[in-house]
Structure formats: C-alpha cells, structure tokens
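Below is one structure, written out as structure tokens; the observations come after it.
What follows is calculated from the coordinates using simple rules that are stated; it is not laboratory data. Source: prediction; values computed, not measured. Note: ideal-geometry Cβ built from the backbone for every residue, glycine included; neighbour counts use all protein chains shown.
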Amino acid sequence: MQNVTILGSGVSGTAAAKLCAANHINCTVVNDGGGAVLPDGDLIVVSPGLHPAKSPLYQQALASGREIVSEMEFGCRFWHRPLLAITGTNGKTTTTELTCHLLRACGIAAESCGNIGRPLSDLAAEPGNCSCAVIEVSSFQLEKIRDFAPLAAVILNFQSDHIDRYPGGFAEYCATKEKIFTHVSPENRISGLSFADAPHRVTVNGSGLEIDGKFFFDLSGSDLPGMHNAENAAAAVELCLRFLPEKMIFSAQFISALQSFKRGRHRIEMVCVRNGVTYINDSKGTNPAAVLAAIDSCSGKLVILLGGLGKGMDFSPLASRAHRFRAAVLYGQDRAELARVLTGKCPCFDCGSDFKEVMRCAGMQAQPGDTVLLSPACASMDMFKNYAERGDTFARLARK
C-alpha cells in the first residue's frame, strides 16, 4: 500500500489521513465539487457520509475497479488490540457508552469510538493506553468492510431507517448491518432481546436484569428507564460477559457502575419545566421506532415535534400513538409525509422550516401537565448541522 485516496475531508477523512501519516503512507484527500477527478492510488478510503449513488467521486471510485474500504475498515487494519462492536437501528450510543463505562469500572482502559467519540482510524493512529476499543457502528461504515473482526459484536435491533440509501430497501439495510458478524466467532455473535428467537444469557424480567435466569440487577433506580434501555443494558452486559472473567461481572465495582451510569445528551433528556409544561429533548429519535420508545417513556398528553429529512422511512407506526398527542407540530423537508400519516388522527400544525415558530406553536398548544417532546423521527440536516445542534436549539428556546 503506497498511495491511498481518501474521499471526504470531514472527521472520518481527516482521521484516515492521520493514520496514513502515522504509518508513512502517501495519501490524497479529495472532495466532491468543482469537477473533482479521482487521483491514482492503490486503495480508496470512503467517509460514511458519502452517498454511493449521489457522490461523483464515489461513482468514479466504483468504476475504477480499485479496492474501496470504509474508514472503519481502514482503521481496523492498523488496530491490533481487542475490539467490541455495536450496531442496530436504535440504542447504539447508549449501549456503546454503557459497555465502555462498565469496562472502565473493572480496570480496563476502554475507549468508545466510531459513530461516537473518535473514528477508529484516529484511535489506531494514537492508541495511547487504550486496551479495548468499543465501537458504535453504522450501516454506512459496514458497507465497505473486508477484514473488520471484532472480538464480540451485537446487533441490537432492526427498524426502518436510511431506506433512501439502499436500492434493495429494508432487506438490504438489514443485510448490511449483519456484515458486522462476518469475522466474529459464532459464540460471540450477540443478538439483542428484540430478536426473540436468539439465545440470550442476559434477559429482562420486569425491572430486573437476569443472568442465566437468576436475578442480577434492578434497573428501576438507574438512569436506564423503559424497556428499550433495559434491552440496551442487557446487550452491554452480554458484551462484557464475552470479554471479562465472569466473576468480574458479579463484582461490586461492576454492579456499582451499572448504578452510576448516566446517559448522554439528546436522548429523552429532560430540559426544563415551564408554566407546568415539561420539555424533553429526544433529538436523537431519528426514526419511528425510537420515537415510539420516547413516547412510551412519557406520561400524560404530548405536544410532539416531528420533522426533518425522512430518509424514505415508513412513518405509519406513529399513528398508533396519535391518541397521546394533544398536537403534532410538523416542520422541515418531509413534514408532508408525516402529515399524511397523522392528519385526522390528531391536530396537526405545519410550521414550515422556522424552528422558532415550531416552539411558539408548541408552547401555545401545550397545557399544564403536558409534555412538549422533540422526537423528530427524521434526520436533522435540512435545517441543522446535526442532531446535537437541533437538540441544543430546542433546549435554548424551551428555557426562554
């Protein structure tokens, strides 16, 4: 490998270039636009944000016949320490962060990376004292893998998402996710509790986690509310069972770490209470299944904020919760698709692409005791830089 071409100069592309430099490999970073032409080279590294059908450079790469790998695949070729991997439509970030938190509590120098934290290529370039990488993996990162080989991996669930990227629809999306198991030994392939037919050592009974049918931990006092978080916790403990000595799982430090864990921001995050109305930021709820989980975690009537880039998803499951909505405030590029599902089932308000108007409308509709829930069921990039900017904007306006 003498010359590497990197498509995209964002976070992933910059990390791949850093890894090249650390290993004395020549690289050229190129971006779409201005009639860019693919340079010569031995290997092409693609950033996950590039759409295979929409990027001219990606199209040139496919036509070139050269090997194309994802940034994650490139990073794993230089990562020679244990790697645990998590994918699925929902719950990836919580499961990744919890797994890392549990390992650190047991003295393992673990670091989260991939779709959160540092790209794997960046970690491979400067591993420091990290002895185990815990990587959140998207379907985009799995599209172009060959040697990616986690010690253990989990698929949490499959729900409608990113259908606009896959010509084969939901089946192709699921098949792409399943590539995470390609080089994982069968005993270390973990399926989330949503896959009822798969074997599970860690299960949920009420608010309790059980291991091999015996009570292990009561989730009711932890920061992991709702069945979806119980499933995330079960998956994290399953992963740890594949890496730690079993006696460590039952240790005081492991149990204490489950109790002390705090979820990251933008996932069912309570922002404030104003005039008797609770404002909850679930900006990471970017598909219908995530929204249903957020709704089910709330009590009383909701004023729900929905909209953004729909990614070709099926929004019809949202209609099953319309009786919970005092109002649905719709905004963004694909708000008409949401309106088609909800009109006639609850009051709907179209606020265009003005998020201040979205918040003003929500405040007018909400009554004391209600919850204003930002759980958009869509990606954010039509109006915001990312889901974090959307959530921060919601929180700032709510507090005003």
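Coordinate range of the alpha-carbon atoms in the range 1-139 per principal axis, descending: 51, 34, 22 Å. If the chain linking Phe215 and Gln253 were pulled fully straight, counting 0.36 nm for each residue of separation and taking away their Cα-Cα distance, it would gain 12.0 nm.
For the chain, with only Lys/Arg (+1) and Asp/Glu (-1) charged at the beta-carbon, what is the dipole magnitude about the Cα centre, in debye rounded to 20?
Magnitude of the dipole: close to 940 debye.
Each Cα pair under 8 Å and six or more residues apart adds its sequence gap; the mean of these over the residue count of the range 3-74 is a relative contact order of 37 percent. Between Lys262 and Gln2, the FRET efficiency estimated from the beta carbon spacing at R0 = 51 angstrom works out to 0.65.
A P(r) calculated from all alpha carbon pairs of the range 269-399, with 5 Å bins opening at zero, reads 2, 12, 25, 28, 22, 9, 1, 0 percent. Protection proxy ranking, highest mean first, for peptides 251-260, 8-17, 303-312: 303-312, 8-17, 251-260, where packing is the per-residue count of other beta-carbon atoms within 10 Å, averaged. Using just its DSSP H runs of length 4 or more, each adding -39500 (n - 2.57), the chain gives a mean residue ellipticity at 222 nm of -9500 deg cm²/dmol after division by all residues.
Assuming a ≥ b ≥ c are the square roots of the Cα gyration tensor eigenvalues, decide whether the range 296-373 counts as rounded (a/c under 1.5), prolate (otherwise, with a/b larger than b/c) or oblate. The shape class here is oblate. Fraction of C-alpha pairs exceeding 26 angstrom in the range 156-296: 36 percent, rounded to a whole number.
Take the Cα of Arg66, go 7 Å toward its beta carbon, and the backbone nitrogen atoms of the range 27-43 under 13 Å from that spot belong to 27-31, 37-43.
Debye-formula intensities of the range 3-74, expressed as log10 I(q)/I(0) at q = 0.17, 0.20, 0.22, 0.27 Å⁻¹, are -0.52, -0.73, -0.90, -1.37 (one equal scatterer per alpha-carbon, no solvent). Listed cross-link partners Lys262/Lys301; Lys54/Lys92; Lys179/Lys345; Lys179/Lys301; Lys144/Lys311 are compared with a 32 Å cut-off, the Cα-Cα value being larger for Lys179/Lys345; Lys179/Lys301. Each pair of Cα atoms in the range 75-260 enters the Kirkwood radius, and Stokes-Einstein at 10 °C and 1.306 mPa s then converts it into a translational diffusion coefficient of 95 µm²/s. Size descriptors for the chain (Cα atoms only): Rg and Dmax, in that order, 21.8, 65 Å. A simple spin-label model places pseudo-atoms 7 Å from Cα toward Cβ; at Lys345 and Phe195 they are separated by 2.9 nm. With each label modelled as a point 7 angstrom along the Cα→C-beta vector, the Asn23-Arg399 pair spans 4.4 nm. Here the contact order of the chain, divided by its residue count and restricted to Cα pairs under 8 Å and six or more residues apart, works out to 13 percent.
In this label model, Asn386 and Arg104 are separated by 1.8 nm, measuring between points 7 Å along each Cα→Cβ vector. Working from the Cα coordinates of the range 101-206, the gyration tensor eigenvalues give, after taking √(5λ), semi-axes of 25, 20, 13 Å in decreasing order. Normalising the average separation of contacting C-alpha pairs (under 8 angstrom, six or more residues apart) by the number of residues puts the relative contact order of the range 75-260 at 25 percent.
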